[in-house]
Amino acid sequence: MRLIAIFVSLVLAVVAIVVVYQMTSAQAPSETSTIIVEKPVEKLVQEPTEQIYVAQTEIAPGSSIEASVVDRQDWPKRLIADNFMVVGKDEPTGMIARGHFQAREPLLKTKLGKPGDASFLASTLPEGSRLVTIATDGIAGIAGFVFPGDRVDILLTQMVEVPNPKDPKLAPKQEQISEVMLVNVLVVAVDQRAAAETGKQAPLPSSVSLQVTSEDAQKLRLAERRGTLSLSLRSLKDKDGNIPSPTTRFDITRFLATGGGENAAALTEEPAKNDSVVVVRGTTAQTVEIESKK
């Protein structure tokens, strides 16, 4: 009987343990349950912007910037570079495109040029004109009194071969002449200044840029090697475009043979007025015989 009582007690104890375990496991959270954690909502802060100019369509180099090819676009202020064209501060209309712009690309100051800008004079040259720069000094450059916008004549001083007026078969003589090569030429820039600087003493120029035709540009380059170029400033009232006759040594001296030494006669010897005339064209000269009237 005692063994039966012990066995029954053990069974009841096991049953009690199982019941307690089931009750505690039912109250405890399941190991496979999902825990949802809600993240805090981030507040979006609007970044300050400013309007800039952008290309509305593709713009080719050398094109004039018109209002029809420009648009405005909001741009973050922190991303606006110094060379951006900003609405209210800059005005691109009327400028010239130095480089290529894609559609919606920001307009940059470094890729735009103003008409008449010394670094972009090609936009101001008329069709068919060329810009040629010649070296000059204080004397040839009119002592600094020539400015952009002035009109000048180009003088060339050189040595030419002149046939002997008495006997064309003899060797020609070297004669120095000075002549107006080009007239009424527009001065575009002096040194690197495309505009006259007012209120300042003009420095002596070392170069002058001229607006000429393509043919005259070739003449100037050849003339630089043949002789000396100098400028003659024209009056604003002078509209004459005629080229005067070349000047020779006979036009600038009154030296007479009397007392001049044994070479004086050769120096003052002039062509016979009624026998022949020497015609100078550029760097060549030709003797034209004239019949004397009896």
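Values in this text are rule-based calculations from the coordinates and carry no lab data. Note that the coordinates shown come from a computational prediction; the quantities given were computed from them, not determined experimentally. Here the Cβ positions follow ideal geometry from the backbone for every residue, glycine too, while neighbour counts run over all protein chains shown.
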Could you give the nm distance between label points at F145 and L131, where each point is 7 Å from its Cα heading toward the beta carbon? 2.7 nm
Once you have the Cα-Cα distance between V180 and R221, take 0.36 nm times their residue separation minus that, and quote the gain in nm to one decimal. 13.2 nm
Considering only the stretch 49-113, what is the antiparallel percent among its DSSP beta bridges, to the nearest 5? 95 percent
Whose amide H sits under 5 Å from the amide H of T133, counting only residues 5 or more places off or on another chain, with H placed in the peptide plane? L210
Under 15 Å from a point 7 Å along the Cα-to-Cβ line of S68: which residues of the stretch 78-100 have their amide N that close? 94
I need two numbers for the stretch 49-113: Rg to one decimal and Dmax as a whole number, Cα atoms only, in Å. 10.7, 31
Step through the residues of the stretch 65-79 one at a time and calculate ³J(HN,Hα) from phi using the Karplus curve (6.51 cos²θ - 1.76 cosθ + 1.60, θ = phi - 60°), rounding each to whole Hz and writing x for Gly and Pro. 7, 9, 5, 6, 9, 10, 9, 10, 8, 5, 9, x, 4, 5, 9
Starting from the Cα of T57, step 7 Å along the direction of its Cβ; do the same at L12; then give the gap between the two resulting points in nm. 10.3 nm
So how much slack lies between L233 and R78, counting 0.36 nm per residue of separation and subtracting their Cα-Cα distance, in nm? 50.5 nm
Quick one: compute the contact order of the stretch 49-113, relative version, from alpha carbon pairs under 8 angstrom and 6+ residues apart, as a percent. 46 percent
May I ask which of K114/K239; K109/K219; K43/K109; K77/K111; K173/K219 have a Cα-Cα span longer than 26 Å here? K114/K239; K109/K219; K43/K109
Amide H contacts under 5 Å for Q73, placed H, 5+ residues apart: I52, V54
